[in-house]
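Asks: First, the structure itself, so that you have it in front of you.
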Amino acid sequence: MAILETSAGKVYESSLDSVIGNMSGLIVAAFLCHFLGFVGPFAAVGILSVLLTLFLDKVVDFVDTDQGSPSESAIELSVAIYSTPESVGPRLSSITQELQPTYGKVLETRRQVFGLLSLIFGMMLWTKIDTTMADKLYDDFDFSPELCALFYTIQFIGFLCVSPFCHKIMHHVDNTLLISVSQILQGVASLLIGPSHLLGLPNSLAVIVSGLFLTGIANTFTTISTYKEMHDPYIERYGKPSAANSEKLSDILSGLYNAGFSSGVIIGPFLASYITLWL
């Protein structure tokens, strides 16, 4: 459980950092665009990147490490292995025979596949507005580019409003049910963002804002809970791994999580653009 809480905490911190970074970038870009014109954000980022590269050795405290000599713990372990084979041998044998985590084992149940697909679909619903919302705001409401950038931050505000309480809710609600409800809420939010003509919703900013805010709230649970959805079935099936294998399991889960996250970010805007242009 401690391993899961640590891994889930890292996912939460990573998601929180990403949301704060994206929202801050939109806000800063909006103000730079307003005062310096369209090229303002690009010029500012370019200058900061050059300055950071030139003075990297000043702002980063590099640490010299000597990896040539083996550590004392490694020497002690070697001595222990060769001096007491009777006591150490069985332990090494058990470690060797322990089942090694693989991508196939992490995705061999329907619940784990559901977790990965939920992450991809959730990020698709989050990023679907990236290539379409600006045109709608410009055509229907005469928004300027900087106002469009500020409007995009509504999703991030919804995420930040719920994220501090996400773990408490996860401890009291079934994880699979939580993801399913969050996906339904994101689907409802998509109808509000439209706004959907089939439901007779008015084309007003209030309806669109409510949809964006609801997307941010629901995506909080999809983003954080899907890691646990892939982790728990493995532990239930194969048991708690050793320290070495738990690190390998964490690496595999992190790789799958980042792959699903990135896939949703790519597919979402592409699919939304196709639907907008051709349907």
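Asks: Take the conditions closer than 24 Å to ILE20 by Cβ and aromatic (Phe, Trp, Tyr) and apply them to TYR238. Does it pass?
Replies: Judged against the criteria, TYR238 is not a match.
Asks: Right, something else. Considering only residues that are part of a helix (DSSP H, G or I) and of a type in the set (Asp, Glu), which ones fall in the range 141-150?
Replies: Of everything in the range 141-150, just one residue is part of a helix (DSSP H, G or I) and of a type in the set (Asp, Glu), namely GLU146.
Asks: Does VAL59 meet the test of being modelled with pLDDT of 80 or more, over 30 Å from ASN203 (Cβ atoms) and among the β-branched types (Val, Ile, Thr)?
Replies: no
Rundown of residues vs (1) surrounded by 19 or more Cβ atoms within 10 Å (Cβ to Cβ); (2) part of a helix (DSSP H, G or I); (3) at pLDDT 90 or above, yes/no style:
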position: TYR152; (1), (2), (3): yes, yes, no
position: VAL162; (1), (2), (3): no, yes, no
position: PHE165; (1), (2), (3): no, yes, no
position: MET170; (1), (2), (3): no, yes, no
position: LEU178; (1), (2), (3): yes, yes, yes
position: LEU185; (1), (2), (3): no, yes, yes
position: ALA189; (1), (2), (3): yes, yes, yes
position: SER196; (1), (2), (3): no, no, no
position: ILE208; (1), (2), (3): yes, yes, yes
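Asks: How many residues does the range 220-278 hold that are under 25 Å from LYS136 (Cα atoms), in contact with a helix residue (DSSP H, G or I) (Cβ under 7 Å, 6 or more places away or on another chain) and surrounded by 18 or more Cβ atoms within 10 Å (Cβ to Cβ)?
Replies: 2
The values are calculated or read from the model by the stated rules, or taken from the named source; none is laboratory data. Predicted, not measured: the structure shown is a model, and the values here were computed from it. All Cβ positions, glycine included, derive from the backbone under ideal geometry; neighbour counts span all protein chains shown.
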